[in-house]
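The numbers here are math on the coordinates, done by the rules we state, and not lab data. These numbers were taken from a predicted model, which means no experiment stands behind them. For neighbour counting, all protein chains shown are included, and Cβ atoms are generated from backbone atoms with ideal geometry for every residue, glycine included.
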Amino acid sequence: MTFIKPNRHIEKVFIHCSASDYPQHDNVETMRKWHLERGWQDVGYHYFIRKNGQLDVGRDLEKIPAAQSGHNKNSIAICLHGLKKELFTKKQFESLIDLCKLINKAYEEQIVFRGHREVSDKNCPVFDYQKILGLSNFGEMDFAPNAQPTENPSNIYQETLKLTSRGAAVLALQKLLNQKQQIALVEDGIFGQQTKSAVMAFQEQKNTAIDGIVGPVTWHCLTSND
Ligand SMILES: [Zn+2]
């Protein structure tokens, strides 16, 4: 990872999240496509960090981002893929820390790190970027960064889930069911009867085995676009 200062003046770095947990959206190209569809010149962010920690380069650093309405000038915008706080990964936070350290060093610490939510009523990013980056109240990287998220959801879409399962994968499942089925399951990370019924209804709709158990086939159906 390298960072070279652009020629335009930079004062702030803004952190964002993509507001999606879908694996098929986990790349800067999807984001670029959406932003081009809005009539923008390019993706709004300069960097995009995938769930596996990979850093995708977005908009040219010489260009002002389209990311924080009214606060784009003199800024760099970084977006992490994710919606649910629990589903961001340690690898993503490690990449974010590495990138921000490089930027901080390049500007000899004369730069501040902000969350989009500080200049917007959007809850973006949803994770505790201040703790992760070790920020002071002024947005300076003054303290030790900490990349440890609440839970480590590696292979979250591969875990087999059934009645009484618990944890981040169940939460991801409930979130996906609510999105896909337009229902209102309680998103509590606990696989109860309601979740089981919703899984079975989904399986029936997809013409797969109706067993209420979320294995590879059901995960695939849940995380694909159709
Ligand atoms: Zn944002």
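Miscellaneous remarks
- Nearest-20 debye value, the chain charge dipole, Cβ charges on Lys, Arg, Asp, Glu: 160 debye
- Normalised by the number of residues in the range 163-226, the average gap of Cα pairs under 8 Å and 6 or more apart makes the relative contact order 31 percent.
- With a cut-off of 11 Å between beta carbons, the residues surrounding residue 77 carry a summed charge of +4, where Lys and Arg count +1 and Asp and Glu -1.
- Considering only alpha-carbon pairs that sit under 8 angstrom and 6 or more positions apart, the relative contact order computed for the chain is 18 percent.
- Taking the convex hull of the alpha carbon positions in the chain and averaging its projected area over all directions gives 12.7 nm².
- The residue 64 and residue 163 beta-carbon pair, evaluated with R₀ = 41 Å, returns a calculated FRET efficiency of approximately 0.20.
- Estimated 222 nm signal from helices in the chain, with DSSP H stretches of n ≥ 4 weighted -39500 (n - 2.57), rounded to 500: -9000 deg cm²/dmol
- The mean sequence distance of close C-alpha pairs (under 8 Å, at least 6 residues apart), as a share of the length of the range 12-133, puts its relative contact order at 33 percent.
- Charge sum, other residues only, whose C-beta stays under 10 Å from residue 45's C-beta, Lys/Arg counted +1 and Asp/Glu -1: 0
- Residues in the range 54-76 that a label on residue 41 would reach, taking backbone N under 16 Å of a point 7 Å out along Cα→Cβ: 58-68, 72-76
- Electrostatic tally near residue 14: other residues with Cβ closer than 12 Å to its Cβ, Lys and Arg +1, Asp and Glu -1, net +3.
- Among beta bridges that DSSP assigns inside the chain, antiparallel share in %, nearest 5: 30 percent
- Within the range 1-45, backbone nitrogen closer than 16 Å to the virtual label 7 Å beyond the Cα of residue 119 toward Cβ: 8-17, 44-45
- About the Cα centre, charge dipole magnitude for the range 1-98 (Lys/Arg +1, Asp/Glu -1 at Cβ), debye: 160 debye
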